[in-house]
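S.K.: Please see the structure below; I have some questions.
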Amino acid sequence: MKTGYFSKHGPLPNAVAISRSVPKGWPGKRYMKLAPQWDWLKLPEEQYLEKYGKLLDGLNAQEVYNDLVKLGGEDVTLLCWEGPTKFCHRHLVAEWLSKNLNIEVTEVEN
């Protein structure tokens, strides 16, 4: 499992969007259970982390993983908007899955 962002990795056949919105005309798959609420995007980072942490706490990591693999295969790439070095919820998801399932979730390198 990997993470990436729309402008670079959107065309990947195994991509699954975990964001509230997607690029116009993007034909890919989506998994809305991991998408943050719109109003959270305007919060200070600390408050965002608290709210998103509660969202993740309410989910079962194994079920989420199974759902994502059904959508994108074993090599699924989770997508959102931010570049690789910017704060983004996909990194929180990667950390959460890694911690709870003892798996490696890394950012796509190319």
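The values are calculated or read from the model by the stated rules, or taken from the named source; none is laboratory data. None of these values were measured; they are calculated from a predicted model. No Cβ is skipped: glycine too gets one built from the backbone with ideal geometry, and neighbour counts run over all protein chains shown.
S.K.: Just the residues that are touching a Phe, Trp or Tyr at 6+ places or on another chain (Cβ under 8 Å), in a strand (DSSP E or B) and farther than 15 Å from Ser19 by Cα, please, taken from region 65-110.
M.R.: Selection gives nothing.
S.K.: What number of residues in region 12-34 are touching a strand residue (DSSP E or B) at 6+ places or on another chain (Cβ under 8 Å) and either without any contact (Cβ under 8 Å) to a residue 60 or more places away in the chain or part of a loop (DSSP other than H, G, I, E, B) (or both)?
M.R.: Count: 11.
S.K.: Sticking with this one: Which one of these is charged (D, E, K, R), surrounded by fewer than 18 Cβ atoms within 10 Å (Cβ to Cβ), in contact (Cβ under 8 Å) with a residue 40 or more places away in the chain and farther than 19 Å from Asn102 by Cα: Glu46, Glu50, Glu82?
M.R.: The match here is Glu82.
Yes/no per residue for (1) surrounded by fewer than 19 Cβ atoms within 10 Å (Cβ to Cβ); (2) at pLDDT 95 or above; (3) out of contact with any Leu (no Cβ under 8 Å at 6 or more places or on another chain):
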| residue | (1), (2), (3) |
| --- | --- |
| Pro11 | yes, no, yes |
| Tyr31 | no, yes, no |
| Ala35 | yes, yes, yes |
| Leu41 | yes, no, yes |
